[in-house]
Amino acid sequence: MAREQGQGRGRRDRDETPEFQDRLVAINRVSKTVKGGKRFGFAALVVVGDQKGRVGFGKGKAKEVPEAIRKATEQAKRQMVRVPLREGRTLHHDIEGRHGAGKVVMRTAPQGTGIIAGGPMRAVFEMLGVQDVVAKSIGSQNPYNMIRATLNGLGREASPRQVAQRRGKKVADILPKTDAPAAAEAEAPAEA
């Protein structure tokens, strides 16, 4: 019994920790027509992340804006995913993501480039902790589909360590050998 109480308290403390930051992406006023007129409600789209490689998004609906944002934030925290980042600042490789009619293209970028992405994609990258990326949204401009397409692509992101482990090789075998030909050429004239 004591263990159950301890687990509950630990989970609540973990949820309340301010390690996560959230970004409100879109708010939409929706109405329902009833006998006496119209009833208005609000739908919120929120992206949450720890800026260290974890990100999630959520949507919430309520009669008041703050309640809709709170619901969306809670859902986003439950649906967080981890994305491997190169040097903690950019993607490991270029990727495409799709969801419905939304298609996004994300490319790695050299240091100092910044986040070149629009609207909802920018929010995802900022909450993820990416500092350098070039991204383009093709197709749907719906923020829900853009975020889903972005997370679809990020879900397929693979680090060299993951690829090496999957193939049963070493990381050095996976990465391109750029210095090997130059080193071989340098040694050849010395022997002759």
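For the structure I just gave you, tell me whether R86 is among the basic types (K, R), open to solvent by 70 Å² or more (accessible area, probe 1.4 Å) and either in contact with a Leu (Cβ under 8 Å, 6 or more places away or on another chain) or over 29 Å from R39 (Cβ atoms) (or both). It would help to see each step written out before you state the result.
Numbers: among the basic types (K, R): yes; open to solvent by 70 Å² or more (accessible area, probe 1.4 Å): yes; either in contact with a Leu (Cβ under 8 Å, 6 or more places away or on another chain) or over 29 Å from R39 (Cβ atoms) (or both): yes.
Criteria met by R86.
Identify all residues within region 47-59 that are within 12 Å of the chain's Cα centre (by Cα) and open to solvent by less than 10 Å² (accessible area, probe 1.4 Å); write none if there are none. If you could, list the steps in order and put the result at the bottom.
Residues of region 47-59 within 12 Å of the chain's Cα centre (by Cα): 47-57.
Once the filter is applied, which keeps residues that are within 12 Å of the chain's Cα centre (by Cα) and open to solvent by less than 10 Å² (accessible area, probe 1.4 Å), region 47-59 yields V47, V48, G49, G53, V55, G56.
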Determine whether region 107-128 contains at least one residue that is of a type in the set (K, R), in contact with an Asp or Glu (Cβ under 8 Å, 6 or more places away or on another chain) and surrounded by fewer than 18 Cβ atoms within 10 Å (Cβ to Cβ). yes
Could you list all residues from region 129-138 that are open to solvent by 50 Å² or more (accessible area, probe 1.4 Å) and either over 13 Å from the mean Cα position of the chain (by Cα) or modelled with pLDDT of 95 or more (or both)? V134, K136, I138
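Which of the residues that make up region 20-45 are hydrophobic (A, V, I, L, M, F, W, C) and part of a loop (DSSP other than H, G, I, E, B)?
Residues of region 20-45 hydrophobic (A, V, I, L, M, F, W, C): 20, 24-27, 30, 34, 40, 42-45.
Within region 20-45, just F20 meets the criteria.
The values are calculated or read from the model by the stated rules, or taken from the named source; none is laboratory data. Computed from a predicted structure; not experimentally measured. Quick reminder, even Gly has a Cβ in these numbers, built from the backbone with ideal geometry, and neighbours come from all protein chains shown. Just the protein is used for accessible areas: all its heavy atoms, side chains included, with ligands, DNA and RNA removed. Shrake-Rupley method; radii C 1.70, N 1.55, O 1.52, S 1.80 Å.
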